[in-house]
Structure formats: C-alpha cells, structure tokens
Amino acid sequence: MQALSLRQQVILPFVVLVIFVSVAIGWVSIRAGENTVSDLTRRVLIETTGRIEYATDQTLSGAMIALEAVAPDPGDVPQAGQAIAFPTDPNILEQRFWAASSLFRSVNSFVYFGGADGRFVGLNRENKTKAMLFLRDAGDAQRRAFDSTGPGARGKMLRSDNYDPRTRPWFQQAIAKDQPVWSSVYNDFATRIPVITLAKSVYATDHHVVGVLATDMRLSTISDFLRSLEVSRNGVAFVIDEQGMLVASSTADLPVRMVDGVPQRLAAAEMDNPLIRHAYASYVAGRSPNGGVTAVQTSEFDHGSDKVELASAAIGGNFGLHWSAIVAVPRSDFMGEVTRSLYHSLAIGFCCVLVALGIGWFALNRVMRDIRQLTIAARKVGLGEPLPKLTIERSDELGQLAQTFNEMEQNLRIDHLTGVFNREFLMAQIGFMQRQAALQPFEPLSFALLFIDLDNFKSINDIYGHSSGDLVLKIVAQRLRELIRTSDVVARYGGDEFVVLLKGVTSIRDVVASEEKIRAAIAQPIELEQGSAQVGVSLGWAIFPQDGEDPEALLKIADLRMFDVKRMHRQKR
C-alpha cells in the first residue's frame, strides 16, 4: 500500500473532522428544529382549539339571545322575579320574530312558536327584507305559509300543509323540562346543512304552559369559521357530537349522504377525508374512559409516513351540549420550511468551516439563538402572553417564520384600527393571570375591568363621516394607553367600546379614581379636519373576585353597570 503523503496526512484528519462536525451539527440542528416545530405545532393547536371553543360558544349563545329577545327570563327585566305573560297573538309574535331573527341572521333565521292549543307562528328569514311567515290557528288542521316583507306585510299564500307543533320532538322535549333544551343535530332536508334546534317552554302569568318557543341554528356557520382558520396547508379541524357524528368541518366535504332521497348524517369515521378518519380513530383511542375532560388534550399519531399532531377539547358544555373539537396537523406542514432552512445553514456552515472553524461556530450560534427565540415565542403564544418583538434579522426561512410570528401577534392580539389589544387577547390575558394565580396560591389574584362606551360617537360619524369616527377611536385608544400603567391592558371590545384591565386593583376607590382620569382625558376636544369634536364616556366596572370569578360574567356585570350610567346620561338630557 502506497504511503500517504504528509499533505494527505494533514488534510485527511481535517476533512474527517469537518465531516464529523458537519454531521454532528446537522444532527443537533435537525433535532432542535424537530423539537421546536413539535412545540410550536402543539402551541398553535391549543390556541386554535381555544378559538374554536370560543366561536362555538358565541354561535350557541346567538340562539339563546334570539329566544331571550322574544321571551325574556324574569330575571333579565327591570321588575325581576315578576311573572311575565308570553303573548300568543300572531301580530305581536310576528313583530318579535322579525326583531329576533335580525340579531344573528346567518345563524338563527327561523324563529317559531307552537302553542299548547295547537296554534303555530313561525318566521323564516331568507334575507334582510324577505321572509316566509307560517300561521296555524288553534283548531285548524292546516298550517299556511305566506310571503312577508316586514311585520304585518303579508303577501300571497304560498302553500299549506298538515302540521301540528304538539307532535314535534322539539315541542315534546321542551314541555318535559322547565329549561331550554337542544335537539339532536339533524340535516335540513332542503339544504342538507346540519341544524340544531333550541326550544323552551313559555308561560302565562299563572305559570301554566302556553306553548314552546324555538329557533333553528344552522351549524354551517361553525364550518365556515373552521375553514377560515387555515391552521396549515393539509391540516383539518372538525367538531363532533357525543355519538361521533360530524357537526362541522374545515373541509369542503358535506357531512351528509343521501339515502333514498333522504339526507343522513355521517360519522367522523365515515368521512372521505382520510386525515379526519385517522384523527378521529386516534382521538377515540386516547380518550379518557371517564369523559368530561374540558382541558385541551394533545397527542400524535402516524399517518402514512408522516407524524400528525392532534389536539382535542370538549366544547359546548356551558350550553348543555357534549361536543368535541378536534384539530389535526401533519408535522411536515411546519417542518418543511424549517428543514430547508437547516440544510441551507449546514451548507453555509460546511463552507465556513473550510475557511475558518470560528466563523462556522459563529454561524451555528446565530442559528441556535434564532431557534431559541422562536421556541420562547411559541411558548408565550400558547400561554396567552404578548409576543415580544423578535430580533431575527434574516432573509431566509427562519426570518420568514419570525415574520409570521409577528404577523400572527398582530392578527391574533392587536386591533388593526386603534393599535390596542383586541377582545381575544383580553380574554387570553385574564386566563393567563388565573393560571398563574393557581400556581401561586399564596399570592391572591385581584384585578378590575372597566367597560367604556363612547357617548355621542354616532353623531360624529353622521356629521363628519366614518373616517373622522375612526380618527376619534384612534385618539381615544391613545389617551387610554397614556393613562394606564405599563402592566395594565387596554382592549377594543368592539365598535366604540373599550375595556381596561387594571391589575392589582382591590377597592372601588381605586376604580373610581381611574374612572375620573379617563373621563377627564377623553372629554378633551379632538381636532378633526372639519373642526373640533368632543365625546363623553359611560363607564361600568367589575372587580375580581368580589363580583365573580368568570371573565365573561365580570364583563357582563361591567357592561350592565355601564348601561345604567348611559341611561342616566340620557335621562339628564
């Protein structure tokens, strides 16, 4: 064997060292990337599952609100506790149904009443100005359907049918209980869209049942929301009931099939989409036998040659429903960009090691520092904390991922018009504070919520235009930010409503002091292009835990107090 030259003896060990270092660096980088992507994916899944739960609760509450608009509970009216007779006059019901179906027309377009004497009044809204009115008097055998363009505006009769509301399942279920009840999910025969009915008994002043009030809720709204999430390129999100039947899905496939001309619902295990089937099977295999788990559960399963991250949570429990939200995302959807970035970094590192090992080491440290920033950012997103500004100045895939994080922060946390936080971040921040307090019971949690509604804001829009109204909202938001401490939170709740989260506040005196500062600051004139405008505020407050421990309940209390203040303002005018 020919002896190696001195040059070869010097070069070969160095080449072996370079290969070994490159392989070692590659292995470490890939493992770090996989761990980061796995952590990021699970955080995103948890966040997405929470958003699905919130959106579903909002949709279900729309049906509750629609019925409340027609027949308020005694505790929700000024003369609380007094018996309120439900009106059975068709003309009165028709007016109320038009109002109730206008609240959430995309969800609750059909509101109806079935009387204990067999009468029926129903309004099915097609659009803003057109509806179908159903009428059946007590003792009639036929139910008639009319064109309608508004309360009292009945057109020609369209058809009639044999329909007795007392024989319908929704009527019988509601009569059997003294509280609102949900039907099972069923498919609308005409549209094939999943529908669920909410019904409740209504009473006369002597508390005898006069009938049942009900509304049909289209579950396609939840499917539309799931499709808007865009969790990942190949990921899926879907909602199932307690029998495993599909309620809503992010895919374009309808959860229904036609059997002898009749639409039948599909179970998740019967869907054409293989990822939904496998995700459901994994969910069933990992589900707790005791059930009743409301926290988000995460796991993973094999789908072909890919790993899939799975998150699931029970939803609808606040409304007496036992649904589950399931989100499944192939890890490759997130790993692809990171993998390409890592290989690119390895190639650069290999060349740098040939030139100088020190430069290569510096480049590796830079990559790892950026990955650590992304890991920390992913953890903060999952915990509901504000995402810090990422200092990753790169033009490659890691830089794109960092930019995506910043955009995600803006989209998920910040109100685009005013620059303050949005409602979702406010709720996430309160949830984060409660979780932190649970881990530190020796430090009791206290905070106050100020619900702020601008007075005379509509007149600014009417007089100066909506662009001026937007400017007023921005200036009000800026003034609120300047008034509060850096630890407090200002959020735009919607429209001209803001909520201020004051941390550490325990007394009404502190709340009143903050209210006075806010009134004084916002009352200052605002210069517009067309002149000067001035707005006032109506404020309501709630303190945790004196007024309650549920964030939604606290906001409702603060809103009610604000409304009382606004009503007093109107009475003084």
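The values are calculated or read from the model by the stated rules, or taken from the named source; none is laboratory data. Because the structure is predicted, anything quoted here is derived from the model rather than measured. Cβ: placed from backbone, ideal geometry, glycine included. Neighbour counts: every protein chain shown. For the accessible areas, the whole protein counts, side chains as well, though only heavy atoms, and no ligand, DNA or RNA atoms are used. Shrake-Rupley method; radii C 1.70, N 1.55, O 1.52, S 1.80 Å.
Here are a few things to note about the model shown:
- Shape analysis of region 441-486 based on the Cα gyration tensor places the equivalent ellipsoid semi-axes at 33, 12, 6 Å, largest first.
- Highest-first arrangement of 310-319, 121-130, where packing means the average Cβ count within 10 Å: 310-319, 121-130
- Taking the C-alpha atoms of region 159-314, convex hull volume expressed per residue in Å³: 171 Å³
- For region 407-545, the solvent-accessible area with a 1.4 angstrom probe is 47 square angstrom per residue.
- For region 408-452, radius of gyration divided by Kirkwood radius, i.e. Rg to Rh on alpha-carbons: 1.08
- Full-stretch length increase - Ala141, Asp164 - with 0.36 nm per residue and alpha-carbon distance subtracted: 7.5 nm
- Note on Lys307 and Arg287: the extension gain reaches 5.3 nm, defined as 0.36 nm multiplied by sequence separation minus the Cα-Cα distance.
- In nm, spacing of pseudo-spin labels at Asp470 and Lys177 (7 Å Cα→C-beta vector): 4.6 nm
- Note on Ala437 and Glu230: with the Förster distance fixed at 35 Å, the Cβ-Cβ geometry gives a FRET efficiency of about 0.55.
- Across Lys128/Lys556; Lys517/Lys566; Lys503/Lys556, pairs whose alpha-carbon gap is larger than 21 Å: Lys128/Lys556
- Net charge, Ser514 excluded, C-beta distance under 15 Å - Lys, Arg +1, Asp, Glu -1: +3
- Virtual spin-label span in nm between Gln264 and Ala252, 7 Å along Cα→Cβ: 2.6 nm
- In sequence order, calculated HN-Hα J values of region 221-228 (Karplus, 6.51, -1.76, 1.60; Hz; x Gly/Pro): 4, 5, 4, 4, 5, 4, 5, 6
- From most to least packed by mean Cβ count within 10 Å, the peptides 145-156, 231-242, 500-511, 424-435 give 231-242, 424-435, 500-511, 145-156.
- Computed Kirkwood radius, in angstrom, where 1/r is averaged over Cα pairs of region 448-573: 15.0 Å
- Calculated FRET value between Asp510 and Asp57, using beta carbons and R₀ = 35 Å, to 0.05: 0.65
- Computed label-point distance, nm, for sites Asn273 and Gln534 using a 7 Å Cα→Cβ extension: 5.6 nm
- Extension gain from Arg423 to Val209, taking 0.36 nm per residue of separation minus the Cα-Cα distance: 73.0 nm
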